Amino acid sequence: MIVLLCTGSLPGVGSGYVCVVAPRMLKHVLTESTVTALRSIGQPPRAVSAAAFLDILTSLSIPHSAVTSGADYSAR
């Protein structure tokens, strides 16, 4: 599990997109309290550019179309 903060602009969601990713899973983090809770368990967001963000999604078999506001994508 990795918490990502996209510092660049993504189509449809803009910049500052924070999500939790794992192989074939993406969950949009919607609140600062959730980010704080993730930090407290040792999972701070890793800031990456938009290009790197999309490359990470590709490597985890997550389609770019899964990046939406409120995303809760899982392909099992």
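The values are calculated or read from the model by the stated rules, or taken from the named source; none is laboratory data. Keep in mind that what you see is a predicted model, and the values were worked out from it rather than measured. Cβ coordinates were reconstructed from backbone atoms using ideal geometry, including for glycine residues, and neighbour counts include every protein chain displayed. The protein model used for the area step is the full one, side chains on, heavy atoms only, and it has no ligands, DNA or RNA in it. Shrake-Rupley method; radii C 1.70, N 1.55, O 1.52, S 1.80 Å.
Note on segment 55-76: residues that are modelled with pLDDT of 95 or more, more than 14 Å from I2 (Cβ to Cβ) and of a type in the set (A, V, I, L, M) total 3.
Tell me the strands (runs of 3 or more DSSP E) entirely within the chain that contain at least 3 residues that are open to solvent by less than 60 Å² (accessible area, probe 1.4 Å). It would help to see each step written out before you state the result.
On the way: elements: 2-6, 17-22, 25-28, 46-48, 72-74.
Counting at least 3 such residues, we get 2-6, 17-22, 25-28.
Number of residues in segment 11-43 that are within 16 Å of T58 (Cα to Cα) and small (G, A, S): the value is 1.
Residue pairs whose Cβ atoms lie under 9 Å apart, sitting 6 or more positions apart in sequence or on different chains, and linking a residue in segment 47-76 that is touching a residue at least 40 places away in the same chain (Cβ under 8 Å) to a partner that is assigned to a helix (DSSP H, G or I) and among the aromatic types (F, W, Y), are V67/F53.
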